[in-house]
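In what follows, a single structure is set out as structure tokens and then discussed.
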Amino acid sequence: MDAIVTAALADGIAEFSMPSVARRLGVAHSGLYRYVTDRDDLVVRAIGHAVTSVSWPDADLDWRELFPALGESVWAVCDAHPGYDLTALTAPYWPTEVVELMRPYIESLHRQGFSVEDAAMAIDSIGTLVLTCSAEAVRLRKIADSQHSRELPGRDLKGFDLDEMWTGRGWYDRKLETLIDGLERRLVH
């Protein structure tokens with residue numbers, strides 16, 4: 001099974017097909033279905049492998065340090081596996097590895113004063129924020145790299161004309177700061 005997942009990731013988590021994975025492994029396409037039910041099953045397994053391939057922060061960090069650290073780990077997955085962002089956002093379900101990864105963070109945040117529901121929502125929000133900002137950054141880089149990027153609608157709109165939005169991670173840092181400020185108001189004191 002590991003060889004199949006590795007082959008899918010080598011083809012690209014967003015681009016692989018069952019025939020391309022079979023070719024990479026030198027096996028018949030139909031032989032893959034003894035190990036996975038379909039492409040969606042392999043996508044979920046690839047996501048699980050991708051998530052466990054990076055370092056994750058200690059769950060007992062103070063929540064104000066934990067959220068940015070979690071975001072950095074999700075960014076590391078996106079950087080290591082181009083296309084991970086959109087693939088993870090559209091996956092049919094979460095792999096067990098993601099569920100097990102989230103459990104200690106939710107427990108830690110609950111011990112630090114968040115309700116269980118707010119802790120889970122916060123972890124989900126950080127992940128979703130990174131995934132959407134990563135996908136948006138890819139799109140904006142393509143626009144910024146085009147020869148007519150300064151002439152496109154919206155590029156001259158006040159606030160959207162900042163280079164910060166069009167380079168690097170876009171507005172991720174601002175969005176994360178806003179999210180953290182809002183989460184602070186949810187703490188149960």
Hey, can you tell me all the residues within the stretch 6-21 that are surrounded by fewer than 20 Cβ atoms within 10 Å (Cβ to Cβ), free of Cβ contacts under 8 Å to residues at least 60 places away in the same chain and not polar (S, T, N, Q)? 10, 11, 18, 19
Cross-chain or 6+ apart pairs with Cβ under 9 Å, the stretch 114-138 first and free of Cβ contacts under 8 Å to residues at least 24 places away in the same chain, then of a type in the set (Val, Ile, Thr) and part of a helix (DSSP H, G or I): 116/106; 119/106; 120/106
Counting only residues that are in a loop (DSSP other than H, G, I, E, B), acidic (Asp, Glu) and without any contact (Cβ under 8 Å) to a residue 40 or more places away in the chain, the stretch 32-68 contains a total of 2
Residue tally, condition closer than 23 Å to residue 183 by Cβ and not in a helix (DSSP H, G or I), over the stretch 69-125: 5
Among the basic types (Lys, Arg) and at pLDDT 90 or above: is that true of residue 175 in this structure? yes
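The values are calculated or read from the model by the stated rules, or taken from the named source; none is laboratory data. What you see is a predicted model; the values in this text were computed from it and never measured. Counting neighbours? That spans all protein chains shown, and the Cβs are built from the backbone with ideal geometry, glycine included.
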